[in-house]
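A short worksheet on the structure shown next.
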Amino acid sequence: MNARFRFGPFVPVAGLLTGVVLAAGCAAEAGSTQERSIVPPDAQVARERADRSRIKGEEGAPVRVVEISDFQCPYCRQFHEQTLTKIDSAYISEGKVSYLWIAYANPGHPQAFVSTEAAYCAGAVGKFWPMHDILFERQDEWSGAADPYALFVGYAEEIDIDPESFGSCLRNSTLAPLVLRDYTSVTAAGISSTPYFILGDSVALRGAADFGTFSSAIDTLLILKGVDQP
C-alpha cells in the first residue's frame, strides 16, 4: 500500500457539487473554433463554461469520481503523472466513469490560487484539461515564479487560446469566484489535504493512490451498479 494514502472517512459529495454544472457539451455551445479560442467577456458565461469544462467523460457514466486537487501540490502531480492517464484509458474513455476536478487552493502554496484561475480561464473556452496537463507537467517552471502570469499566458497560446482575452480573464480575476466556491465547499466537507478522491459518492481515498487501488475500487462500484467487468 502506498504510504502516502489511506482510505479516508466518507465525505458526502453533494456539498462539493453545489453549483457545479453536471452537463456535457461545452465545446458545442461555445461556437466555432475561432470563437472558442476567445475567453467570453461575460463573467457569468465564462464561469458556466469553465464549470462544465472540468468534467471529463460521459454524463451518464455509472460511476462518478471526484478529485480534489491543487496544481502546486507535488503529490497531485505524482497522481497526474502515474495514475490519471491509466484511469482515463481504462474507465473514462470507455464510458464507465465520469470525472470531476475540484480545486483546493492550499493557502500554504503561494501560486495555487492563480494557477487554478489559469486552468479555469482555459476552461472557459473548453480547454481546462489541456491546461491542467501543462500546469502539472511544468509545475517546477511556474511554481517558483514571483509572478507566473506571463508563463500562464504562454501556455494558453500553446493550446490556441487568444492571449489577450485569457490574460484579461487572469488579471481581472474573472474566475476567482469559482476558485473560492471550490475552496469553501471543500473545507466545509472537512477536507484539508490533496489529492483527495471520492468515488461513487461512497468511497474516499486520500493521497496519490496507485492505479491498482483505483481499479479495485472502481471495479467493485461497477459491479454494485450491475456493470459486468471482464
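The values are calculated or read from the model by the stated rules, or taken from the named source; none is laboratory data. These figures come from a predicted structure and were not determined experimentally. Cβ sites come from the backbone with ideal geometry, for glycine too, and all protein chains shown count toward neighbours.
Could you say whether any residue in the range 207-216 is among the aliphatic types (A, V, I, L, M), part of a helix (DSSP H, G or I) and surrounded by 19 or more Cβ atoms within 10 Å (Cβ to Cβ)? Scanning the range 207-216 turns up no residue that is among the aliphatic types (A, V, I, L, M), part of a helix (DSSP H, G or I) and surrounded by 19 or more Cβ atoms within 10 Å (Cβ to Cβ). Filter the range 74-84 down to the residues that are buried (at least 23 other Cβ atoms within 10 Å of the Cβ) and touching a residue at least 24 places away in the same chain (Cβ under 8 Å), then identify the one that is nearest to Thr213 (Cα to Cα). So the residue we want is Phe79. The single condition from (1) modelled with pLDDT of 95 or more; (2) more than 23 Å from Ser37 (Cα to Cα) that Ala146 fails is (1).
Considering only residues that are at pLDDT below 95 and of a type in the set (D, E, K, R), look in the range 181-228 and name the one that is farthest from the chain's Cα centre (by Cα). If we take residues in the range 181-228 being at pLDDT below 95 and of a type in the set (D, E, K, R), then Asp228 is farthest from the chain's Cα centre (by Cα).
Given the criteria within 21 Å of Ser53 (Cα to Cα) and in contact with a helix residue (DSSP H, G or I) (Cβ under 8 Å, 6 or more places away or on another chain), does Arg181 qualify? Spell out how you get there, then give the answer.
On the way: within 21 Å of Ser53 (Cα to Cα): yes; in contact with a helix residue (DSSP H, G or I) (Cβ under 8 Å, 6 or more places away or on another chain): no.
Considered against the rule, which asks whether it is within 21 Å of Ser53 (Cα to Cα) and in contact with a helix residue (DSSP H, G or I) (Cβ under 8 Å, 6 or more places away or on another chain), Arg181 comes out as no.
Pairing residues of the range 157-179 that are within 13 Å of Pro41 (Cβ to Cβ) with residues that are of a type in the set (S, T, N, Q) and modelled with pLDDT under 95, at Cβ distances under 8 Å and at least 6 apart in sequence or on separate chains, gives Asp162/Ser37. Scanning for something of a type in the set (Ser, Thr, Tyr) and under 19 Å from the mean Cα position of the chain (by Cα), does the range 163-172 turn up at least one residue? No, that holds for no residue.
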